[in-house]
Amino acid sequence: MISQATIESILNAASIEEVIGEYVNLRQRGANLVACCPFHNEKTPSFTVSPSKGIFKCFGCGKAGNVIRFIMEHEHLSYVEALKFLGNKYNIPVEDKEETTEEAQSRMLRDSMLVVNEYAREFYSKYLTEEQAGKDAGLSYLTERGFNEPIIRQFGLGYAPEERDAFTRAALAAGYKQELLVATGLTLHHPAGGGRPEAFTDRFRDRVMFPIHSLSGRVIGFGGRTLQSSKQVAKYVNSPESEVYDKSRSLYGLFFAKQHISKLQKCYLVEGYTDVLSLFQAGIMNVVSSSGTSLTEEQIRLIKRFARQVTVLYDGDDAGIKASIRGITMILEEGLQVKVVRFPAGDDPDSYARSHSAQETLAFLEQHETDFIHFKISLMAEEMKDPLKRSSLIRDVVDTISVIPDIITRTVYIEECSRHLGIEELILTREVARIRRRRYSRQAPERPATPLEEQDHNLDQFSQNKRGDALAGKNDISRCEKDILYYLLKFGQSPLQEETSVAEYITLSLEEDELELQDPLMLHIFKEYMELTGDNQARRRYFTNHVNPEIARYALDLLNQPHSINLKVLRDSLPIEESLLKENVTKSVLVYKLRVVSLTCNQLTRELQQAQLQGEEGVMEEIMKKLTVMMEVRNSFAKELNRLS
Ligand SMILES: [Zn+2]
């Protein structure tokens, strides 16, 4: 048991914003701090930290608790382990007698492995800077490559001696256990066989060493680069996966880059260790590398904790570039923005940064940043001439657009794509919707779509419908939302009561119940409406002539369709308890009155449409006046009904 006193001193020392701030990008919002939740995938921050209360809460996935709970969830630790983790961080000794042997062993193993890695980093670093052989081989190479002393020190670069077991012998002599050296992968175990005795040798020999840091700055593994040009020797050797090193969940340089990424809200993604170092040295410090492995989902989510935009930097003459653009699709899938910079032939980020000044490099990055559609099209300029290949390129681009979770972003890219490839937007929209539908039905057995994806999916289906049946929504909520939007677009600026306009009333009553429209397109229109100025007519015109044809079409349909409040929904939503009988009766009467008025309104709407068709403007105006009055009557009934609900 850990004493209450110890727990309290840990809670006193470990400020929640400081601890959580090391994992996510916290931003001030009122008295609280917010971030995108590290426990679930989201686009807008619903993860809140209250420094005064010492708690965090995610309104998206519901995870909540104090700083200890956060560490337990995030580091996958038990309560006791989390206390030790924090105790260790804040130098508070944590005594515990009840830790199971297994827990203790696993914790001790991880701790010991990190200690061994730290010893190795120091060993390689000393060899690089203090031993003549290391200076001759490694330091002269790094200096020649233009790396200065501070950058070598900051990233903890080193050199592994040529001898077959120099590190292993030194580590054993320093008292480190053989099994730990093997567990970290620093030492290779060769069992006896073929007439040879058992042997232990160094994994890294005659190589420049790049330590790989965890998010909190501990050395979890190494990358070793040979300086020999022989094809027989692997250019890079990396630490194997271990208790402390998970390749797919770490990014080279992130520990040093995270604060810059967060500050600039942008992350450069490069291929190699030296690309990171060169850019960092040039003052471009928001840069990480997936260090040779192909980009993983976990790595993208790591970046996402700190920034919303990723710019992928490609070598000028990378033969594998077409295959590697899979990474772009993955980044888009995670809801991040992607930009691409391709270096001139013969250059990579490392060589470019070395042969240009820091300002030139930064200017190059800024000037050559393009979105992925331009990038793909420019990549396949040759193929574009061949009609068959052209259509497969279009398919490819459309396929990539279809993975983007956010419909507005998708729409923007579709517009872009339409402009560049000379294809009608509607065709592209349909194609994207078709791919998304197919993808969802394929994924369905493995993973149910999240509510957001379902909405998106519905919306895509909706976009596919022809104009005539575009409003034939299937669920009641969306019909009610359509009602709200209808009033907003048509009568938003008309007075509803005293000083309150329809728009204000709708906003206030939605806010009152913390309601937000669920349908993404309707919500988008709703939000955009609130930012406009002008009278009813001006605002209506804005939407019916909207730059996004989908929205324009939707607004036209909405405004022109015969309208009535959805009585069935109203009835179904009435409470049935006996104690509410009186209210229910009153409501029923109101609903009835409402229905009558609604019918009149419908009749007037039909007449209005008729007049519109025949172009009788005077008649239209007359009907509009009547309709407005009836609508207001209807609104007041609806309002009364709302008051009673
Ligand atoms: Zn969450």
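Give the residue, chosen from Ser351, Ser391, Ser402, Ser357, that is among the hydroxyl-bearing types (Ser, Thr, Tyr) and in contact with a helix residue (DSSP H, G or I) (Cβ under 7 Å, 6 or more places away or on another chain). Steps first, please.
On the way: Ser351 fails: in contact with a helix residue (DSSP H, G or I) (Cβ under 7 Å, 6 or more places away or on another chain); Ser391 fails: in contact with a helix residue (DSSP H, G or I) (Cβ under 7 Å, 6 or more places away or on another chain); Ser357 fails: in contact with a helix residue (DSSP H, G or I) (Cβ under 7 Å, 6 or more places away or on another chain).
Exactly one residue qualifies, and that residue is Ser402.
One line per residue, one yes/no per condition, for (1) touching a residue at least 24 places away in the same chain (Cβ under 8 Å); (2) in contact with a strand residue (DSSP E or B) (Cβ under 8 Å, 6 or more places away or on another chain):
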| position | (1), (2) |
| --- | --- |
| Val340 | yes, yes |
| Ser402 | yes, no |
| Ile408 | yes, no |
| Val412 | no, no |
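Select, from Leu11, Leu77, the only residue that is away from the ligand (no atom under 16 Å from the Cβ) and part of a loop (DSSP other than H, G, I, E, B). First the steps, then the outcome.
Values: Leu11 fails: part of a loop (DSSP other than H, G, I, E, B).
Within the list Leu11, Leu77, the selection yields Leu77.
For the range 14-29, filtering for residues that are of a type in the set (S, T, N, Q) and buried (at least 17 other Cβ atoms within 10 Å of the Cβ) leaves 1. In summary, Glu81 fulfils each of the numbered conditions (1) among the acidic types (Asp, Glu); (2) open to solvent by 50 Å² or more (accessible area, probe 1.4 Å); (3) not assigned by TED's automatic domain parsing to the domain that holds Glu179 with the single exception of condition (2). Only one of the numbered conditions (1) of a type outside the set (S, T, N, Q); (2) touching a residue at least 12 places away in the same chain (Cβ under 8 Å); (3) more than 16 Å from the ligand (Cβ to nearest atom) is not met by Ala5, and that is (2).
Within the range 16-29, the residues that satisfy the criterion of being out of contact with any Pro (no Cβ under 7 Å at 6 or more places or on another chain) and more than 15 Å from the ligand (Cβ to nearest atom) are Glu18, Val19, Gly21, Glu22, Arg27, Gln28, Arg29.
Criterion first (under 27 Å from Asn91 (Cα atoms), within 12 Å of the ligand (Cβ to nearest atom), open to solvent by 20 Å² or more (accessible area, probe 1.4 Å) and not basic (Lys, Arg)) does Pro51 satisfy it? When the stated conditions are applied, Pro51 does not pass them.
If I filter the range 55-74 down to residues being assigned to a helix (DSSP H, G or I), within 14 Å of the ligand (Cβ to nearest atom) and touching a residue at least 24 places away in the same chain (Cβ under 8 Å), which single residue comes out as surrounded by the most Cβ atoms within 10 Å (Cβ to Cβ)?
First pass over the range 55-74, keeping only residues assigned to a helix (DSSP H, G or I): 67-74.
Checking which are within 14 Å of the ligand (Cβ to nearest atom) leaves us with 69-70, 73-74.
Retained after the next criterion (residues that are touching a residue at least 24 places away in the same chain (Cβ under 8 Å)): 70, 73-74.
Details: Phe70: 25, Glu73: 16, His74: 18.
Checked the range 55-74; the qualifying residue surrounded by the most Cβ atoms within 10 Å (Cβ to Cβ) is Phe70.
Against the definition (within 16 Å of the ligand (Cβ to nearest atom), under 19 Å from Ser262 (Cβ atoms) and open to solvent by less than 30 Å² (accessible area, probe 1.4 Å)), how does Asn32 come out, yes or no? So Asn32 does not fit the description; no.
Is at least one residue of the range 95-107 free of Cβ contacts under 8 Å to residues at least 40 places away in the same chain and within 16 Å of the ligand (Cβ to nearest atom)?
Just the residues of the range 95-107 that are free of Cβ contacts under 8 Å to residues at least 40 places away in the same chain, to begin with: 99-105, 107.
This time we only want the ones that are within 16 Å of the ligand (Cβ to nearest atom), so: none.
No, that holds for no residue.
Hey, can you tell me all the residues within the range 35-48 that are near the ligand (Cβ under 9 Å from one of its atoms) and either surrounded by fewer than 15 Cβ atoms within 10 Å (Cβ to Cβ) or more than 15 Å from Ile300 (Cβ to Cβ) (or both)? Within the range 35-48, Cys37, Phe39, His40, Ser46, Phe47 meet the criteria.
The values are calculated or read from the model by the stated rules, or taken from the named source; none is laboratory data. Since we're looking at a predicted model, the values are computed, not measured. So basically every Cβ, Gly included, is an ideal-geometry build from the backbone, and we count neighbours across all protein chains shown. Side chains are part of the model used for accessible areas, which takes the heavy atoms of the whole protein and leaves out ligands, DNA and RNA. Shrake-Rupley method; radii C 1.70, N 1.55, O 1.52, S 1.80 Å.
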